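The values are calculated or read from the model by the stated rules, or taken from the named source; none is laboratory data. It should be emphasised that the depicted structure is a prediction, and the values quoted were computed from it without experimental measurement. Virtual Cβ from ideal backbone geometry, glycine too; neighbours counted across all protein chains shown. Note: areas computed on protein heavy atoms with side chains; ligands, DNA, RNA excluded. Shrake-Rupley method; radii C 1.70, N 1.55, O 1.52, S 1.80 Å.
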Amino acid sequence: MSEIGKFEHALRARRESGGKILVPYITGGLGDDWIETLHAVAAAGADGIEIGIPFSDPVMDGPTIQEANDRALSSGATPQSILAAVRESDIEIPLAVMTYYNIAFRAGDTRFATDLADAGISACILPDLPLEETGSWTDAADAAGIETILLAAPTAPDERLPRICERSRGFVYGVGLLGITGVRSSLATSAMDIATRLKAVTDKPVLVGVGVGTPEQAVEVSTVADGVVVGSAIVNRMLSNAGPEGVGELVAEFRAALDAG
Amino acid sequence: MLSEGTLPSEDAQSPIMGDPGASGRFGQFGGQFVPETLVPACQELEKAFRSAWADQEFRSELSTLLADYAGRPSPVTECHRLSEELGYRVLLKREDLNHTGSHKINNVMGQALLAKRMGKTRLIAETGAGQHGVATATAAALFGMECRVYMGEVDIERQKLNVFRMNLLGADVVPAMSGSRTLKDAVNEAMRDWVAKVEDSYYCLGSAMGPHPYPWMVRTFHEVIGIEAREQCARLLDGGVPDVVTACVGGGSNAIGIFSGFADTDAELVGVEPAGGAAVGRKVPGVVHGSKSYLMQDEVGQVLEAESISAGLDYPGVGPEHAHLADIGRARYESVTDDEVVEGFQLLARTEGIIPALECAHALAWMSRERESLAGKTVLMNLSGRGDKDVAQMMDVLGR
Ligand SMILES: Cc1ncc(COP(=O)(O)O)c(C=O)c1O
């Protein structure tokens, strides 16, 4: 077994204190004030933050994150500009990057993993890099001390889940529904199912994301899961120009709801 | 006339175009780079395809469909006037004469039959020129399945005729509005649909690209082109093979189909890409739409928008087996400009009375440009589709 990294350490600490874990997602490079938003999200009680590095062809993402991607890209955001801004930001809670594999592949696995570490990033999620294809990336990430968070989907047969959990670092990302990112009116039953199935096979923190869009849904799924990843709901706020304060307020609502249980 | 023997079989495959194994690798290319949700679906598909292909009943049902419904075998036409004009002998493999007007039907009949065998009730497809969409809509009508086709908004405009055909066939055509609003974006939308509806839906991918097993499965369903052409050429060439075998390359399905029949000979294999979509030509490896291959992208890995007069080739990537064939030097890849394509399009119409699809007009454009270096040779070109769908666009281009 590997050592526990910074991301997983923070999440375990929250869980051990009896709390539920909250990891918001924000799109890197979206708006001039996105670093302030990062600070506001941290201050509002996030346990860790996922920073999206926009990719031209985000096949796992719905309209909200696609639009955020497009806006960030057309305002000139690049992996380098985003990582440079993060490096300067002095955020204390652990950070993860979420992007698509071609961004890492183009830079070179080792170079990308090192760049993340240099920017103070702890973990990385590559949604189009499933278990069977992780080899060259995880070698590089492990060497650079980057925790690779793997996704586990409702479609996985039982025998697959322990293998995913074994290789995942940071936490295990349970995909809450069959589909792409986006806010839904109610929590899918598959969200509870995947949380239950994952909790049965791993001691690592289990977070459910994709389709967790309201504080109520976060509380509901966290009765089984250790916590949630909230993406599109937060990014919607960013897109509607709520500013760092507006985004921080939403994160605080999730925090309060999870704390109240 | 189509017997069991004219369908691809394992022993007909040459070793360099063999089974890519469970990891779906062609040298360093290929693989299964898909969201976790789709991994079990891809694995199940590979298993289903392997078992279907080993099942004589499936094979004979497919070969009957290809013969009695799609009109196979397609002929090889000796082009006397074009040969005279170009200064070398030209043979055309006539995939334009298939039902629905292109090679796409070979793959679709195979996949639709497989979908039925797997108990799926809904087909999803992406389409560029609309030929794959029309073929999929056709199969859905034939088998009584539901069908949704994603098509870039730009392509919907330039291939209106095919949109109308798909609607007539009962398919639901959904515009892809993101990015370049062409084939690449249609693939993104189709994959998003598949992620959400993976339990009842079958993704009928239209080229030799995407995650394993698609590149290999789509090639296998198109091997019929190469197998027939090999026999037909042997008859015309006294048992010999052509000096050059050429085809246009978008994702690469028609090219891989005809190449497969000649990979174990010393025929030169030449794929022709549009200058604005020359993924192999630029030789930069990348990962998108499920596989590692050559990919047009910027220096940080954002995928570039291709630019081509032909909707079917307007794609920044290429199937992984082509990347491998280029890598090992078994095939080479050339590119032509839109202007050259417009000339190639008219050349075939004028000399042979055949209006080609703009996609395969790329191969004609290369053949015309290279007339000196090809002098005295015999060239087999895969005429992948007919040009009816392009006539309205060409009326604009030619200012008539
Ligand atoms: C007639 C024709 N040829 C070729 C293509 C390109 O596809 P591929 O490279 O897979 O053969 C298309 C795609 O729409 C087509 O319609």
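Here the contact order of chain A, divided by its residue count and restricted to Cα pairs under 8 Å and six or more residues apart, works out to 24 percent. Under a Cβ-Cβ cut-off of 13 Å, what is the net charge of the residues other than B:Phe262 that fall near it, where Lys and Arg count +1 and Asp and Glu count -1? Computed value for this residue: -4.
Taking every protein chain into account, the 1.4 Å probe leaves B:Ile328 with about 90 Å² of accessible area, to the nearest ten. Using the Cβ of B:Thr182 as centre and a radius below 10 Å, the other residues enclosed give a net charge of -3, where K and R count +1 and D and E count -1.
Loop-only GluC sites (Glu not before Pro) in the range B:254-337, please: DSSP not H, G, I, E or B, and at most 12 other Cβ atoms within 10 Å. Listed in order of number, the matching sites are B:Glu299. Ignoring lysines fewer than eight residues from B:Lys283 along the same chain, the ones with Cα atoms less than 24 angstrom from its Cα are B:Lys184, B:Lys292. With R₀ fixed at 51 Å, the C-beta to C-beta distance from B:Asp55 to B:Glu84 puts the FRET efficiency at about 0.60. For B:Lys116, the lysines whose Cα falls under 24 Å of its own Cα, not counting residues fewer than eight places away in the same chain, are B:Lys47, B:Lys104, B:Lys197. According to the calculation over all Cα-Cα pairs in the range A:6-260, the P(r) per 5 Å bin from zero is 1, 7, 15, 20, 22, 19, 11, 5, 1, 0 %. Among B:Glu343, B:Glu370, the order of accessible area from largest down is B:Glu343, B:Glu370, computed with a 1.4 Å probe on protein heavy atoms. For the protein assembly as shown, the antiparallel share of DSSP beta bridges with both residues in that region comes to about 20%. Summary of the geometry: the range B:182-235 and the range A:1-68, compared by the centres of their Cα atoms, lie 37 Å apart. Counting only aspartates and glutamates at least 8 places from B:Lys120 when in the same chain, those with an alpha carbon closer than 12 Å to its own are B:Glu146, B:Glu199, B:Asp200. Between A:Ala68, A:Ala156, A:Ala218, the Gaussian network model of chain A with springs among Cα atoms under 10 angstrom shows the greatest mean-square fluctuation at A:Ala156. Counting Cα-Cα pairs of the protein assembly as shown in 10 Å increments starting at 0 gives whole-percent bin shares of 3, 16, 26, 24, 16, 10, 4, 1, 0. Here the scattering of chain B is modelled by Debye summation over its C-alpha atoms, one equal scatterer each and no solvent; at q = 0.15 Å⁻¹ the log10 of I(q)/I(0) is -1.44. Running Debye on the range A:59-136 with equal point scatterers at the Cα sites and no solvent, what base-10 log of I(q)/I(0) appears at q = 0.17, 0.19 Å⁻¹? Debye output, listed in q order: -0.75, -0.94.
Note on B:Glu231 and A:Ser81: with the Förster distance fixed at 41 Å, the Cβ-Cβ geometry gives a FRET efficiency of about 0.10.
In nm, what is the difference between 0.36 nm times the number of residues separating A:Ala117 and A:Asp32 and their Cα-Cα distance?
Extra length available between A:Ala117 and A:Asp32 comes to 28.2 nm.
DSSP loop GluC sites (Glu not before Pro) in the range A:99-154 with at most 14 other Cβ atoms within 10 Å of their Cβ, which ones?
Counting only loop positions with at most 14 other Cβ atoms within 10 Å, none of the GluC sites (Glu not before Pro) in the range A:99-154 qualifies.
Using a simple spin-label model with pseudo-atoms 7 Å out from Cα toward Cβ, B:Leu161 and B:Asp238 lie 4.1 nm apart.
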